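All remarks here apply to the structure that follows.
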Amino acid sequence: ERKKLSKLKKTPAVTRDGTSISLLANIELPDDCPVALESGAMGVGLFRTEFLFMGRGGHESRLPSEDEQFESYRKTVVAMKGRPVTIRTLDIGADKQLDDAREISLNPALGLRAIRYCLAEPQLFLTQLRAILRASAYGPIKLLIPMLAHAFEIDQTLALINQAKEQLRAENIKFDPDIAVGAMIEVPAAALALQMFVKRLDFLSIGTNDLIQYTLAIDRVDHEVAHLYNPLHPAVLYLLGHSISTAAKAGVPVSVCGEMAGDIRFTRLLLGMGLREFSMHPAQLLSVKQEILGSDLGKILPHTKKILRAVEPAIITEAVEQLRIL
Ligand code: PEP
Ligand code: MG
């Protein structure tokens, strides 16, 4: 089976009725690039940069310097040989803590996490933005911002990106002035108020891991409630379908980079919702491609419409399983 899959490495991901799908890799460190390329990924859809900041032990300084970060981002985009690399800014807090996190809030998932942390520590954020911008002179890079929920957070973020660009210009340092900036859609409020995002940003990426956690109010790392973590809950499906179709109508590219994108049980459902870009762990990429190669959008679409109207979990589960044997 693995051998059969590996033959698909160079096969373009196209549905039976001719729609091209973009399959990208999630990575955590520059060293993951060879594995991403080996999987046939067309680029990096999510570089979780917090791993550069975590597990740094005692002797190194707490945070990676601008130069150290720049080297990691440059190395990544060079390793991907011209393929696009989406770099997500620091998503620290909640399930990913710095080694000497000051104080863990009572509800870390609802606390000073990701962009909230970065806007509260603008120097740390500017350092990362400068490092990413500098790397953008070496290959196609996009900037992705996690956990945005408020318009003012988007506006403050864009202002800080401009500030970083001004600094680099003043120092005569090269960068891509037109670098695309996108938002993770992972807070239900963001999905529901998507117009706020499509007006301000160049692209969107849906983080289903957090979107499910926050929609269903279940801690994604708490085993006691793991059985309630249901990607097929009608509320989750509503938010996914709404986000994908709203972005498509606005002409704003949208991807899914949470676990759902790499789970073949959901590939056809997401295709039916209109998703054309999937980012996942490289180990899942060829299985997802195989699922796409056997898919017929013309058949999937009417079924997906029915699934999105359904409210009974048993009916939804059954209908999603049926998609796989269409
Ligand atoms: C997500 O929330 O789905 C996501 C891709 O981000 P992370 O898993 O890093 O929170
Ligand atoms: Mg997330």
Q: Take the alpha carbon gyration tensor of the range 1-49, find the square roots of its eigenvalues, order them as a ≥ b ≥ c, and report rounded if a/c is under 1.5; if not, report prolate when a/b exceeds b/c, else oblate.
A: oblate
Q. Can you list the residues of the range 268-303 with backbone N under 20 Å from a point 7 Å past the Cα of residue 5, pointing along Cα to Cβ?
A. 268-271, 277-295
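Could you work out the local net charge near residue 238, counting Lys and Arg as +1, Asp and Glu as -1, over the other residues with Cβ closer than 15 Å to its Cβ?
Around residue 238, the charge tally is +2.
Please list 72-83, 297-308, 181-192, 273-284 highest first by mean number of surrounding beta-carbon atoms within 10 Å per residue.
On the way: 72-83: 19.1, 297-308: 16.5, 181-192: 23.0, 273-284: 21.0.
Going from most to least packed, we get 181-192, 273-284, 72-83, 297-308.
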Q: Among the listed pairs 81/165; 4/306; 75/96; 7/299; 7/249, give every one whose C-alpha distance is greater than 29 Å.
A: 4/306; 7/249
Q | Tilt relative to the chain, helix 122-135 - C-alpha long axis, 0 to 90 degrees, to 10 | A | 70
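Quantify how much of the Cα-Cα distance distribution of the range 132-214 extends past 21 Å, in percent. Spell out each step's value before the answer.
Details: 1169 of 3403 pairs.
Here the long-distance tail beyond 21 Å is 34 percent of all Cα pairs in the range 132-214.
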Q) Taking square-rooted eigenvalues a ≥ b ≥ c of the alpha carbon gyration tensor, is the range 176-315 rounded, prolate or oblate, where a/c under 1.5 means rounded and, failing that, a/b exceeding b/c means prolate? A) rounded
Q) Which net charge results for the neighbourhood of residue 307, defined as the other residues with beta-carbon distances under 15 angstrom from its beta-carbon, given Lys and Arg at +1 and Asp and Glu at -1? A) +4
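So between residue 228 and residue 193, what do we pick up on full extension, going 0.36 nm a residue minus the alpha carbon distance?
Working: separation 35, 0.36 × 35 = 12.60 nm, distance 2.53 nm.
Working it through step by step, the gained length comes to 10.1 nm.
What's the local net charge at residue 208, with K and R +1, D and E -1, over the other residues with C-beta under 14 Å away? Please list the in-between numbers first.
Details: positive: 220, 265; negative: 186, 210, 259, 263, 277.
Summing Lys/Arg as +1 and Asp/Glu as -1 gives -3.
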Q | Computed lengthening from residue 105 to residue 20, 0.36 nm per intervening residue step minus Cα-Cα distance | A | 26.2 nm
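Mind checking the dipole of the range 117-244: about its Cα centre, +1 per Lys or Arg Cβ, -1 per Asp or Glu Cβ, Debye to the nearest 20? Don't jump to the answer; show the numbers that get you there.
Values: 9 positive and 13 negative charges, 95 e Å.
Dipole about the Cα centre, nearest 20: 460 debye.
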(Q) Given the options 208, 5, 57, identify the residue whose Cα lies farthest towards the positive end of the charge dipole of the chain (+1 on Cβ of Lys, Arg; -1 on Cβ of Asp, Glu). (A) 5
Q) So which residue, out of 167, 69, 97, gets the largest mean-square fluctuation from a GNM of the chain using Cα contacts under 10 Å as springs? A) 167
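Readers should treat all values here as calculations from the given coordinates under stated rules, not as data from a laboratory. Bear in mind the structure is a predicted one, so any value in this text is a computation, not a measurement. As a convention, Cβ positions derive from the backbone with ideal geometry for all residues, glycine included, and neighbour counts pool all protein chains shown.
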